[in-house]
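Take a look at the structure set out below.
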Amino acid sequence: MDKPSSKAHLILGLGELLWDILPEGPRLGGAPANFAVMAGRLGNHVALLSRVGWDELGKQALDQLELLPVDASLVQIDSRLGTGRVTVHFDEGQPQYTIHEPAAWDSLELSEEWVEIAGRADAVCFGSLAQRAPESRETIQTLVGQTSSSCVRVFDVNLRKPFYTSEVVKESLELATVIKMNEDEVPLMLDLLGMQLNHEPEVRDSLARDKLRLEAMRLLEEFPRLELVAVTRGGHGSLLVTRKGSHEHAGYPAQVVDTIGAGDAFTAALTHYLLLGADLATLNEAGNRWGSWVASQSGSMPELPKEVHGAIAAAIERGPTSGSRG
């Protein structure tokens, strides 16, 4: 496992740790875990706060995490519920999920160790899926609320039917400083919040990109703590919006193997460079480059050769390409 430097930022991945049951076999995953692995590979000290069962899948999960740049020492063990599983199949290259319940991550406990590390965190990433059960929902929201005022609180939307409610979305947004969602989730989010913009169809079609920006601005207006809205658009890049401006990136072409974990890699890169004080163009460049690379690999935590890591980092350092615009 690569060891982060002593000056590395402390980042928390909070929520589900599970096994994606793919046609070719099981792969370790879960959005917070995928995020944590990528954030660790970018040089941060990352702790995963999750829960597995007292079973073989739980043991295998912890054994695999030992080989990755993630601190899994605070992952809880549940003697009653089993380790989470998600059956994945693909429809025209897009993953479709059957999320089994209950699972160990439905019973996250607010331990003293978790509260202590939350108070020291520079950033925390949490989602909506892990809040499907009341116990974990209370733990996640309380823990995020325990972070410092300077902590970057990333709400990584993960709307999986039927595991979300308007209440969870609203409460999460009230805690977050950053929200990341994909293009398809934007109208769902606004519907849940009763904030849908009303435009004539021809206006929606001709101003589709501007509509996304206006919708992002509505969220910033409604939730004062929120500072950044990130909208991913698959192979078509992403849009970042703050109260001071916005930036759009056209994305990078990739020979897609599967898209599992690509959005989580985007979120990890966004968080990493945000902590470094990067501008919107660099944030978009980093998110798209790392998301594109993960999409070109199999699984959500593919092996990352040093030369690939170095090449992508150097490309980000050189600056955004002509495929982006403010």
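What follows is calculated from the coordinates using simple rules that are stated; it is not laboratory data. A quick note: this is a predicted structure, and the numbers were derived from the prediction, not measured. Ideal geometry is used to build each Cβ from the backbone, glycine not excepted, and the neighbour counts take in all protein chains shown.
Counting only DSSP beta bridges with both residues in the range 10-321, what percent are antiparallel, rounded to the nearest 5? Present the calculation step by step, with values, prior to reporting the outcome.
Details: 19 of 49 bridges.
Just about 40 percent of them are antiparallel.
Between the range 112-158 and the range 228-294, what's the alpha-carbon centroid distance in Å?
22 Å
At q = 0.11, 0.16, 0.21, 0.24 Å⁻¹, what is the base-10 log of I(q)/I(0) for the range 50-135 according to the Debye formula with one equal point scatterer per Cα and no solvent? Please give it to two decimals.
Those come out to -0.37, -0.77, -1.19, -1.33, one per q.
Once you charge only the Cβ atoms, +1 for Lys and Arg and -1 for Asp and Glu, what is the size of the charge dipole of the range 10-321 about its Cα centre, to the nearest 20 debye? Each step should come with its number before you reach the end.
Values: 26 positive and 44 negative charges, 110 e Å.
Here the size comes out at about 520 debye.
Based solely on its DSSP helices, what 222 nm [θ] is calculated for the chain when runs of n ≥ 4 H residues each add -39,500 (n - 2.57) and the sum is averaged over all residues, nearest 500 deg cm²/dmol?
On the way: 11 runs with 125 residues, N = 326.
Taking each H run of at least 4 residues, the total per residue is -11500 deg cm²/dmol.
Extension gain Arg120-Leu276, at 0.36 nm per residue separation less the Cα-Cα distance, in nm?
54.5 nm
Scanning the chain for trypsin sites (Lys or Arg not before Pro) in DSSP loops with at most 13 other Cβ atoms within 10 Å, what's the longest stretch left with none?
81-224
With a Förster radius of 35 Å, plug the Cβ-Cβ distance of Thr142 and Glu307 into 1/(1 + (r/R0)^6) and report the FRET value to the nearest 0.05.
On the way: r = 43 Å, r/R0 = 1.22.
Once the sixth-power term is evaluated, E becomes 0.25.
Quick one: work out Rg over Rh on the C-alpha atoms of the range 1-77, Rh as Kirkwood radius. Numbers along the way, then the final one.
On the way: Rg = 12.2 Å, Rh = 12.5 Å.
With Rg and the Kirkwood Rh in hand, the quotient comes to 0.97.
Just one of (i) 1.04; (ii) 1.01; (iii) 0.94 is Rg/Rh (Cα atoms, Kirkwood Rh) as worked out from the coordinates here. Which one is it?
Calculated Rg/Rh (Cα atoms, Kirkwood Rh): the matching label is (iii).
For Tyr164, Tyr252, what ranking results if the residue with the fewest other Cβ atoms within 10 Å of its Cβ goes first?
Tyr252, Tyr164
Cα-Cα over 27 Å: which of Lys170/Lys211; Lys180/Lys211; Lys59/Lys180; Lys161/Lys244; Lys211/Lys244? Don't skip to the answer; put the middle values down first.
Numbers: Lys170/Lys211 21 Å; Lys180/Lys211 17 Å; Lys59/Lys180 31 Å; Lys161/Lys244 34 Å; Lys211/Lys244 17 Å.
Correct reply: Lys59/Lys180; Lys161/Lys244.
Among Met217, Met181, Met38, whose mean-square fluctuation peaks in a Gaussian network model of the chain (Cα, cutoff 10 Å)?
Met217
Please report Trp114, Trp54, Trp19 as a ranked list, fewest other C-beta atoms within 10 angstrom at the top and most at the bottom.
Details: Trp114 21, Trp54 14, Trp19 24.
The most exposed by this proxy come first: Trp54, Trp114, Trp19.
Given a cut-off of under 8 Å on Cα pairs at least six residues apart, what relative contact order in percent is computed for the chain? Numbers along the way, then the final one.
Details: 680 pairs, mean separation 48.2, N = 326.
That works out to 15 percent.
Please name which of Ala33, Val229, Asn158 has its Cα lying farthest along the dipole of the range 10-321 towards the positive end, using unit charges on Cβ (Lys, Arg +1; Asp, Glu -1) and the Cα centre as origin.
Val229
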